[in-house]
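For reference, the structure discussed in these notes is given below.
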Amino acid sequence: MRPRWLVASGLGLGQMLAFGTTLYLLTVLGQPMSEDTGWPLPWIFGGMSAGSLAGAAVAPRAGRWIRSHGGKPALSLSSILFAAGLLTIAAAPHLAVYFAGWVVIGFAMPLGLYDAAFGALGRLYGLEARKAITMVTLWGGFASTSFWPLSGLLVTEVGWRWTCAIYAAVHLAIALPIYRWLLPDAEPAAGAGGGAGAKADAHGLSRAARTAVVVLAFLLMFEVLVANIISVHLVTILRERGLTLAAAVALGVFIGPSQVSARFGESLFGARIHPSVTMIVAVGAITAGVGLLPVLPTSAAPLALIAYGAGIGLVSVARGSLPLYLFGPLEAPAVSGRIGRPVQITAAFAPSIGALMLSQLGATTTLWLLAALSAVSVAAAVVLRRLAGRLEAETRFS
């Protein structure tokens, strides 16, 4: 068996490549694409929304596939699909082909992003996968830091089309070999051990586990809505609060290091804390960060953004480890796939919802509403904490 740290590092590198070349692609390439082709910028970003909706359509099936066969086949296929989608975008003569490329990338997302990687680790290591999951998120946290400058360099030197083609080659030359030869094969599904949610009735999961699925789905939908609106519109929000463009961009820099620092702290001390508690802390930090932004003076805004960034960093870890504890290593990938559909639909529409809120309500009211939504997530996390105890009791007495 390959060392666990090596498998987690390989998966983490693959995640960094996947995020950097897809979800973070248009941050740098969107404007050059529009200038080169004449395509409207909203339509260019609309391609990514189309990809999210395509991913939502196949997410439940992807989760069931990982449950049955482990993550290796799904992650390997994702590299091929990511490459095919990027090559389609690179060669796109008009918007219809461009959108088709994003649809292909969207099909790859539930097979090749965090949920798939977490499911793969859960199938390999069971409840002991938590540290490996944290290591994967540490690598993933450097995606924007690494690929925004790289994309800026490449688009200047070779243009956006060749940048997409180079990234397609990266998936085939680096990510695919990692998944095919570094990632071990999972045990057959029948041999996977159950966890807290393993006791099921004739319809599948137990009643408590089905309730946990619904609560977790709503929690993640609210947090994805809040996080995507903040990530896309933060500079606009800060400028409406009176900051200059340069100051707003500089403040945004606090979020990335806070995410990575929180994940590093989780890797050191998280094993002593139940992931349901980690989720409460994570969504509580997000709520505090968003709620403090309209209250604190601009000079103290970094404190709010540090809290927000730390919460975002911990949510990623809890999202990977909590399903293992609630539903067991075998069922967790299927549950994550089922939850992935509404979460990805929310992610697809979040930027547009944020733009509408800002135009109609202004930055301050938008922040208060987002803080309220995040507070609902805190309540949901508390409910999940109680359900976790019930599910573990079911396992003990089954």
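Here E223 sits with roughly 10 square angstrom of accessible surface, probe radius 1.4 Å. Ordered from highest to lowest accessible area with the whole protein assembly present and a 1.4 Å probe, Y24, Y308 read as Y24, Y308.
For the stretch 1-108, carbon and sulfur atoms together expose 68% of the accessible surface, with a 1.4 angstrom probe and every protein chain in place. At a probe radius of 1.4 angstrom, the accessible area of the chain per residue rounds to 41 square angstrom. Across q = 0.15, 0.22, 0.32 Å⁻¹, the stretch 65-109 modelled as identical point scatterers on its alpha-carbon atoms has Debye log10 I(q)/I(0) values of -0.40, -0.66, -1.01, in the order of the q list. Working note: Debye formula, equal point scatterers on the alpha-carbon atoms of the stretch 82-152, no solvent; log10 I(q)/I(0) at q = 0.19, 0.26 Å⁻¹ is -0.88, -1.06. Measuring nothing but how far apart in sequence close Cα pairs (under 8 Å, 6+ apart) lie, relative to its length, the stretch 265-353 scores a relative contact order of 27 percent. In the chain, helices alone account for a calculated mean residue ellipticity at 222 nm of -28500 deg cm²/dmol, with every DSSP H run of four or more residues adding -39,500 (n - 2.57).
Counting Lys and Arg as +1 and Asp and Glu as -1 over every other residue whose Cβ lies under 9 Å from the Cβ of P60, the net charge comes to +4. In sequence order, the stretch 148-158 has phi-based couplings of 5, x, 5, 4, x, 5, 5, 5, 6, 7, 10 Hz under the Karplus curve 6.51 cos²θ - 1.76 cosθ + 1.60, θ = phi - 60°, and Gly or Pro positions carry x.
Of the residues K131, K72, the one with the largest accessible area comes first in the ranking K131, K72, computed with a 1.4 Å probe on protein heavy atoms.
Normalised by the residues of the stretch 202-322, what does the relative contact order come to in percent, with Cα pairs under 8 Å and at least six apart? Computed over the stretch 202-322, the figure is 29 percent.
Cα centroids of the stretch 112-169 and the stretch 8-55: 12 Å apart. Contact order for the chain, expressed relative to its length and based on alpha carbon pairs under 8 Å spaced 6+ residues apart, stands at 27 percent.
Counting protein heavy atoms only, the stretch 125-169 has 72 percent of its accessible area on carbon and sulfur, 1.4 angstrom probe. Diffusion coefficient of the stretch 141-185 by Stokes-Einstein, Kirkwood radius over Cα pairs, 37 °C, 0.692 mPa s: 279 µm²/s.
Shape class for the chain: oblate, because the ratio a/c of the largest to smallest gyration tensor axis (alpha-carbon atoms, square roots of eigenvalues) is 1.5 or more and b/c is at least a/b.
Only protein atoms count toward the accessible area here, which uses a 1.4 Å probe; on the stretch 221-297, the carbon and sulfur part of that area reaches 72 percent. Per the Debye formula with a single identical scatterer at each Cα and no solvent contribution, what log10 I(q)/I(0) holds for the stretch 12-105 at q = 0.17 Å⁻¹? Values, matching the q order: -0.76. For the stretch 218-288, a Kirkwood radius taken over Cα pairs fed into Stokes-Einstein (20 °C, viscosity 1.002 mPa s) yields D = 154 µm²/s. Only protein heavy atoms count here; on that basis, with a 1.4 Å probe, T364 has an accessible area of about 60 Å². For the stretch 224-372, the gyration tensor built on C-alpha atoms gives an oblate shape. Its axis ratio a/c (a ≥ b ≥ c) is at least 1.5, and a/b is not larger than b/c.
The values are calculated or read from the model by the stated rules, or taken from the named source; none is laboratory data. Bear in mind the structure is a predicted one, so any value in this text is a computation, not a measurement. Please note: Cβ atoms are built from the backbone with ideal geometry, for glycine as well, and neighbour counts cover all protein chains shown. Just the protein is used for accessible areas: all its heavy atoms, side chains included, with ligands, DNA and RNA removed. Shrake-Rupley method; radii C 1.70, N 1.55, O 1.52, S 1.80 Å.
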